[in-house]
Each structure stands twice: as C-alpha cells, then as structure tokens.
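Peer 1: My questions all concern the structure below.
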Amino acid sequence: MHIPQGMAYGMLTGLDPVYGLYVSFFPVIVYFFLGTSRHVSMGTFAVACLMVGSAVDKGVAKFGGVFEGCNDTTVSIADVNGTNVTQIGSTGACQDEIKLQVAMAVTLMVGLIQLGMGVAQLGFITTYLSDPLVSGFTTGAACHVFTSQITHVFGISTARYSGALKLVYTYRDFFTNIPHTNAVTLIASVICMVFLYTIKTYINQNPKIKPRLKMPVPVELIAVVLGTLISYGANLQRDFGVTQVGDIPVGMPIPKVPNFSMIPDVIADAFAISIVVFAISVSMGKILAKKYDYEINSNQELIAYAACNIVSSFFSAFVSSASLSRSLVQENVGGKTQVVGLVSSALLLLVLLLLGPYFKTLPKCILASIIIVALQGMFRQFFELQRLWKLSKIDFFIWLSTFLATVLLDVDLGLLVGVVIGLLTIVYRVQRPYACVLGQIPNTDIYRDVKVYKEAQEFPRLKIFRFENAIFFVSVEHFRNTLYKCTINPRHLKTEISKAKMRAYKQREQQEVEYNIR
C-alpha cells in the first residue's frame, strides 16, 4: 500500500508523486528506532498531506515575486474576495523547486515543534482534542481532499485557491470548465473507482471471505500497475490527452538543508499540522495498543514523530503521519513489530532505485481515484451525527461547528475554531454538568437515564439523581436547580403544604359555621 498511496498522497500536496515515496521510506526507518507502537504504519496520510499542500500554497503566495534560485521567474498572486489565487508564471522545474522548499521548511518546523512538545512532556494535550472535534475536523478535511482530486478525475484544471470559501471558488471554476472534460480520463477514473470500491467492500471487508485471505488483495497496487500498462500500450497521453505522472527520478534524494528563511512564514501552519498529526497518530497507536494489551508513551511518540519529520526535511520529504488503513492491513497480515516497516522500506528502496521510471506513464486520474475511494471511511463519520444528537447536544454542536468551519474557512482555521469551541464547552460543562434521573434496566443491575433509555424503570416513591461533576461554587446553583426540577422543590413543597393547611383550616371553619347554624 505504501507505493500507490505514497504516490497518490504526494500528488495531494501539490508536489510530484515521487516525494510521497520518500515520505513512505525515511520516516518508517526512523520510527523503527524511536517509536513505542508496534503496529502503526508511518508514512503519508490524507489530512496531513492536505494541510501541507495548503501550507505550500500559502508559502508560494507569501514569497511572491522573484524567488531565490529561480532567475527570471515571477510568482503572480491575485486576490478574489480575500481568497488568494496562486498562478505561478515560471518553468515547471522552478515551480516545483518553490513548492519543495516550502514543504521542506514546513516539515522541519513541524519536527522542531513536536520535539519541543516532547521535551516539555506535553503529550497530554490530546486530552483537549475530543473525539467529536477530531471527527468533524477530519470529515471537513476530507471534503477538501475530495475537491482537490475531482479535477483530476474529470481531466480539467482550475486555479488553486487558499483562504476562506476556497471550496466555493474551486467548484465555481470546476463547473465553469466542466464542458472541457476529458472523456477518456473520466471513463478511466470511474472504472478505477468501481474496481477499487468493489474489491475493498466485497472481498477485503467481506466477513465471509476475509478470514480465508492470508492478506488483503493489494487493490491499489493492482490499479497502479494496470493503469501504467494500459496507458503505455494505448498511448493515452499522446492520443487522448490523459495527464500522466511523468518522469520519476531514479535513486535516493541528495540530502540538502531546508530554506531557513521561510520558517518564520510557515510557523502557524506548522503548529496546526504538528498538533493534528500528533493527535491522529497517537490515537491510532492507542487503539491498537489497547487491542493487544500494551501501552504507548505519548511523550516518546512526540519525540519519534519529531525525529521522523526533522530527518525527512533534509531528504526532500514532507510531513509524515500514521495511517489507519495501512496500520490495520499491517495488523491483519500478522505484523507484530515495526520490523514489518523495515520490510516495506526495503521494497520501497527497490522501487526508488530501479522501478521508478516504469511508472512514468501512470495516469494521474488513477492516483486521484485511489485517494477518493480511500476517503469513504472519513465520509462515513457523517453517520455519527445522529448518535451524537441523542447522546450529547454539546458534542453534536462541536462536531458540526468544526466541520462547517473547516469546509467554509480552511483546514487550519477549522481546527482553530474547533479547539476554541471545545475549550468553551469545557467551561460550560463545568458550570452546567450533565444531570439526570436514573432508572433500572429490567432484569439487570444497570441504571441509565430514563429520558434516553425508555425501557429504564423508576422505583415508586424513590428518585435516583445523578450529577456528573464535583459540587462547588461554580456548579452549586445548577445542581440545586436540576435536583429540584428532577425531584421535588422543597420551597414549592412548603408553599403547597401551607396552602393545604390553609384550605383545611378554612374548610374546618366552614364546617363549624354550618354546625352552629343547625
């Protein structure tokens, strides 16, 4: 999976696909020595690649004009309603060099930030990134990933936007240019996506067939190989205008120092990327560690991720992250240690040294199809909304607001909005914690909220009140009000008793008057 996903996600950053292969090679080796998880697969990941691509676009915009090392080359930046549009008037080689320098600077800065967090023992910060926040953010980021690849599926080109409403402007250009769709590219993309989805859903994930397979069908690699062969045999680029990957350099990249002058301009993006990569990677590691009954050290993981990114930045690679899909495949085929990563690195080394040029004719639409099909897991997170609405309106609000901010603003701003809202809800929850009346589930010793679980039964003349927080000066008023609301308000009870006594007294007086009259 490293080979097709590495090339596909490399393209997602706006760089050439070969740089994704570098990310699938160097971080895996570094993590083998420093990581504490036995099962996670380091390398490329859609959300991380998208954020790097966004940082690259912003970096190019910030370094408009003549870029050092690119003589007689200008980078023109237009502005559309506050949204940057990047149009680089340069040779292809110079344009790629600009993007690569920005990506390397971002990667180095991400590594340095993660190193500082690891040394400062800040592994606990993931506590403040709740599951609804991460889920809403990754779903919104998946919309950006899908949008960035849909143009390759149709074989049309649009400007790369950054900033607020970038998706709106991208789709405006997309529908404007849709009459120029390359029919062969679209047909190839549809066939590839149907093939990928069918094999993944009905064979690799089929509970009846899956146990019989020693390993999942490498459907992405099959698609890459078949796409390359068909494109070469049918001359798809020459005869039908299908865009291909192009030349892939042979050998290992020459080590070079990142451009330190760019670092001040990429700090904000690097900080957001470092937090997201750490949160996603350590969450995957904890899930697999819990399954196999061992523990991972969050602070040591930070240092491992930092080393992966710092080393990668000197070898023309961008930010790496753990991948859930590859980690699960690595687990399913029997991988129990990071030695599996060394084996995959050896195979990648073979591709880099010998087989790279053979992928020259691979259509880009095949890589785009691989990315889009891989997003189905993220888009399934929409189904969480119904469950969140029933369980917690606050978590529902966090998910939805983070998702909308990520889609309408941008990936980094969406994360910031989600974190701010998450922190505000913590204050709200401390002041107004969850409280309810419990009822017994029939024939069990389990007690649940009677409003959520309709089968829960209360005891006659008895209330079981649950208050999910400490009682102190901030929450005491809410505790009193909810307790009175769920049970009996003694003030109202006292008033009712007084009224009842008054009615009884008047009734007794009336009876005495009637008796005297008689």
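The values are calculated or read from the model by the stated rules, or taken from the named source; none is laboratory data. Here the structure is a predicted model, which is why all the values come from computation and not from measurement. Every residue, glycine among them, receives a Cβ derived from its backbone with ideal geometry; neighbour counts consider all protein chains shown.
Peer 1: When you go through VAL224, VAL257, VAL266 one by one, which is the residue that is out of contact with any strand residue (DSSP E or B) (no Cβ under 8 Å at 6 or more places or on another chain), outside any helix (DSSP H, G or I) and modelled with pLDDT of 90 or more?
Peer 2: VAL257
Peer 1: Please go through segment 155-182 and give me each residue that is surrounded by 17 or more Cβ atoms within 10 Å (Cβ to Cβ), closer than 12 Å to HIS144 by Cβ and of a type outside the set (A, V, I, L, M), ordered by number.
Peer 2: The answer is ARG160, TYR161, SER162, LYS166, THR170.
Peer 1: Consider ILE310 carefully, then state whether it is assigned by TED's automatic domain parsing to the domain that holds SER135, under 25 Å from PRO17 (Cα atoms) and surrounded by fewer than 21 Cβ atoms within 10 Å (Cβ to Cβ).
Peer 2: yes
Peer 1: Turning to a different aspect of this structure: Could you identify the single residue in SER369, SER401 that is among the small types (Gly, Ala, Ser), farther than 29 Å from THR126 by Cβ and either outside any helix (DSSP H, G or I) or under 22 Å from the mean Cα position of the chain (by Cα) (or both)?
Peer 2: On inspection, the qualifying residue turns out to be SER369.
Peer 1: Taking THR158 as meeting all but one of (1) part of a loop (DSSP other than H, G, I, E, B); (2) in contact (Cβ under 8 Å) with a residue 24 or more places away in the chain; (3) under 28 Å from THR402 (Cβ atoms), write down the number of the exception.
Peer 2: Checking THR158 against (1) part of a loop (DSSP other than H, G, I, E, B); (2) in contact (Cβ under 8 Å) with a residue 24 or more places away in the chain; (3) under 28 Å from THR402 (Cβ atoms), the one that fails is (2).
Peer 1: Quick one: which residue in SER231, SER283, SER274 is at pLDDT below 90 and in the same structural domain as PHE33 (by TED's automatic domain parsing)?
Peer 2: One residue alone meets the criteria, SER283.
Peer 1: For LYS485, state whether it is surrounded by fewer than 11 Cβ atoms within 10 Å (Cβ to Cβ) and either assigned to a helix (DSSP H, G or I) or among the aliphatic types (A, V, I, L, M) (or both).
Peer 2: Criteria not met by LYS485.
Peer 1: Now for a different question. Out of SER316, SER298, SER327, SER320, report the one residue that is on the phi > 0 side of the Ramachandran plot and among the polar types (S, T, N, Q).
Peer 2: SER316
Peer 1: Scan segment 337-360 and report the pairs whose first residue is closer than 17 Å to SER37 by Cα and assigned by TED's automatic domain parsing to the domain that holds VAL245 and whose second residue is of a type in the set (S, T, N, Q) and assigned to a helix (DSSP H, G or I), with Cβ atoms within less than 9 Å and a gap of 6+ or a chain change.
Peer 2: Hits for this filter: VAL340/GLN330; GLY341/GLN330; SER344/GLN330.
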